[in-house]
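A.B. asks: Please find one structure pasted underneath; my questions will follow.
Since every read-out is calculated from the coordinates, none of them should be taken as a lab result. Small disclaimer: the values here were computed from a predicted structure and weren't measured. Cβ: placed from backbone, ideal geometry, glycine included. Neighbour counts: every protein chain shown.
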Amino acid sequence: MKKNDPVKNLLPFEKPLVELYEKWEELKRLSGQSKINMDEEIRLLEKRIEATRRDIFTQLSPLQIVQIARHMQRPTTLDYIEQVFDNFVELHGDRNFADDPAMVAGIAKLDGRSVVVIGHQKGKTTKENIARNFGMANPEGYRKALRIMRIAERNEKPIIALIDTPGAYPGIGAEERGQAEAIAKNLREMAELTVPFISVITGEGGSGGALGIGMGNRVLMLEYAIYSVISPEGCASILFRNAARANEAAVAMKITAKDLLELGVIDEIIKEPAGGAHNNFAASAANLKSAIMNNLEPLLSLSHRELIAHRYNKFRNMGIFEEG
Amino acid sequence: MSIHEWFKKKKLEKEGAYVRERLDIPGNLWVKCYKCSQAIYTKELEENLKVCPKCGYHFKLTHFERINQLVDQNTFKEINANIKSVNFLNFTDSKSYTKRIEDAIAKSSLKDAIVTGTGKLGGKDAALGVMDFSYMGGSMGSVVGEKIARLIELAIEKKIPVLIFSSSGGARMQEGIMSLMQMAKTSAALGRLRENRLPYVSVITDPTTGGTSASFAMLGDINIAEPGALIGFAGPRVIEQTIRQKLPPGFQRAEYLLEHGMVDVVCERKALKDTLVKILRWFDEKE
């Protein structure tokens, strides 16, 4: 996988790093040209870059986390499939209408074990994103996902779902072909699956479009992923009557991994490398892999009945209200 | 209002996108139909089950009116009436969610956007959920999800069918992710109902969109829609903004969904009780 250009990938709030990186590049260039040894200076500067980055990343606002979750270079489902799984065979189509490029699914090996892997697929360039519909699946995407889950179930193989979508696609065709029905049916059927099921929010967990493949026995989330009922911009424009107030909406809705762990909606946060997953694909894939394996292990010994009961109780208990 | 805004409003009204209705029909003798703009004698409207006698427009019903129209007299018994929403996220937009809850209770005299219970239709027992749009646009938060899950669990225990009347803008944003989780919870409960081989009839009324349509509302063994009801995943404005195209006529209306295979029956309100009773009697052949 190609190495990312560190400066080009920086987000606006990482501005203090730009100057440091420029100095660092300058030093490297000078050190290459002259005979003076500048290794010490370079090392110190690198330390400073890391310290500055740590400072920035320890006080991220929810909206800054949104920017990381949506970073154009953030690893996609297919990137993770390449790094985490072996022998992946992609399976296409819902056997009914079409294949949805915004949703990928297939069979694969995870550390030697046969599994099924499903996930939303975004692009990294505008061209790719248009081909992938920006990771916004149509009903046929959800129906394909369910078809592949059924293959897993019939063959007693675990299911891994990777979630990264702004939301299910709001289009004319999507409505005509039953976007609501496709998602609703997935929710009902996922609850009844007799095999271990792990879902991971790797980037954007956009509402029903995310949940449509997200009812795992265990729900994990990358450190800088988000998961919400509506985008902060959407919430701001409806409730605050001003899309520019997305920051307030992002804070109010509690959409970060840390908040969701506290609310009990997710089970575990998967650490990301310094500067976010896009800075080091290999490290984030390694973290993801070990988290999936650790969470899968205890589920493997559960019976069909126990797996269903576990999943049912998990979602049945979600909700906060008063009674009396 | 600028002249430009006036024209825009007129255009939207013409397209029916702006059918604004006041749920509390005033004590006036006459009301104006939101669709055909004809004046209707209030009493006549009520006798006609709140359907415009001139154009057939179905006015929204409160839970009270819905139960009165459909459930056999004095058979409805409410359950879980005392579950209340709380502002657990400390959510405040133009006003706090706490205040919104208070205002909604005062406006609708309801504790939340759904009333659940058991009752008889044509002598047949059913577990009934009736949503009410006048409580925060029928939005689904923790309380709606919990009441539906408990209703379904009760139906399983009593071995009776489930009937839910939806009318909801979707998930309740003031409860953040927890409102999304209600989609999972209600759908999972319906899965259990199905495993227990008990029927679920979903009656979809105007409007039913977002998280409500993408969970329990579309999952009926039989889906019935009221004429003209707006039913969809995304709201029409969101779609228009996304695709930057004009939407086809009748888009997302009950008849359009029937044509596209998403609902089984579009049923006029005056025939609804008969239809439901026929269905319940089909499922349960005992006299």
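A.B. asks: On a straight-distance basis, which lysines could pair with A:K271 in a cross-link, Cα separation under 20 angstrom, same-chain partners fewer than 8 positions away excluded?
C.D. replies: A:K254, A:K258, A:K289
A.B. asks: Using only alpha-carbon positions, what ratio does the radius of gyration of the stretch A:12-59 give when scaled by 2.2 N^0.38 Å?
C.D. replies: Relative to the 2.2 N^0.38 Å estimate, the stretch A:12-59 comes out at 1.27.
A.B. asks: Moving on to the next point. Residue-wise, which Karplus ³J(HN,Hα) couplings in Hz belong to the stretch B:88-94, taking 6.51 cos²θ - 1.76 cosθ + 1.60, θ = phi - 60°, and x for glycine or proline?
C.D. replies: Taking θ as phi minus 60°, the curve returns 6, 8, 6, 7, 9, 10, 5 Hz for the stretch B:88-94.
A.B. asks: Which whole number in µm²/s is D for the stretch A:277-324 by Stokes-Einstein, with the Kirkwood Rh taken over Cα pairs at 20 °C and 1.002 mPa s?
C.D. replies: Value of D from the Cα-based Kirkwood radius: 156 µm²/s.
A.B. asks: A further question follows. Of the listed pairs B:K43/B:K273; A:K124/A:K157; B:K107/B:K159; B:K84/B:K107; A:K185/B:K159, which have alpha-carbon separations greater than 26 Å here?
C.D. replies: Those over the limit are A:K124/A:K157; B:K107/B:K159.
A.B. asks: Tell me the volume per residue, in Å³, of the convex hull enclosing the alpha carbons of the stretch B:60-286.
C.D. replies: For the stretch B:60-286, the hull spanned by Cα atoms encloses 125 Å³ per residue.
A.B. asks: Also, I was wondering about something else. Taking a cut-off of 22 Å, what percent of all Cα-Cα pairs in the stretch B:162-238 are separated by more than that?
C.D. replies: Tail of the P(r) past 22 Å holds 22 percent of the pairs.
A.B. asks: Two decimals is fine: what is log10 I(q)/I(0) at q = 0.13, 0.22, 0.25 Å⁻¹ for the stretch A:224-324, from a Debye sum with one equal scatterer on every Cα and no solvent?
C.D. replies: The computed values of log10 I(q)/I(0) come out as -0.71, -1.15, -1.21.
A.B. asks: Note down the magnitude of the dipole of the stretch A:12-59 about its Cα centre, charges +1 on Lys and Arg C-beta and -1 on Asp and Glu C-beta and zero elsewhere, to the nearest 20 debye.
C.D. replies: 60
A.B. asks: Which cross-chain or sequence-distant (5 or more) residues have an amide H under 5 Å from the amide H of A:M103, H modelled 1.01 Å from N in plane?
C.D. replies: A:Q121
A.B. asks: Compute the projected area of the convex hull of the Cα atoms of the stretch B:170-287, averaged over all viewing directions, and report it in nm² to one decimal place.
C.D. replies: Average projection, Cα convex hull of the stretch B:170-287: 8.9 nm².
A.B. asks: For the protein assembly as shown, what's the radius of gyration and Dmax over Cα atoms, in angstrom?
C.D. replies: Over the protein assembly as shown's Cα set, Rg and Dmax evaluate to 26.1, 101 Å.
A.B. asks: Turning to a different aspect of this structure: Name the most mobile residue of A:I42, A:I107, A:I148, meaning the one with the largest mean-square fluctuation, in a Gaussian network model of chain A with Cα contacts below 10 Å.
C.D. replies: Sorting by GNM fluctuation, first place goes to A:I42.
A.B. asks: Same structure again: If I take all pairs of Cα atoms in chain A, what percentage of them are more than 31 Å from each other?
C.D. replies: So the portion of pairs separated by more than 31 Å is 34 percent.
A.B. asks: Could I ask something else about it? Please state the shape class of the stretch B:79-142: rounded when a/c is under 1.5, otherwise prolate if a/b exceeds b/c and oblate if not, all from the C-alpha gyration tensor.
C.D. replies: Note, shape of the stretch B:79-142 comes out prolate.
A.B. asks: What Cys residues in chain B are without a partner cysteine, judged by a Cβ distance under 4.7 Å?
C.D. replies: B:C267, each lacking another Cys Cβ under 4.7 Å.
A.B. asks: Any idea which of A:W24, A:A105, B:G176 is furthest toward the positive side of the dipole for the protein assembly as shown, if Lys and Arg beta-carbons carry +1 and Asp and Glu beta-carbons -1?
C.D. replies: So the residue we want is B:G176.
A.B. asks: Size of the dipole of chain A about the Cα centre, Lys and Arg at +1 and Asp and Glu at -1 on the beta carbon, nothing else charged, in debye to 20?
C.D. replies: Magnitude of the dipole: close to 360 debye.
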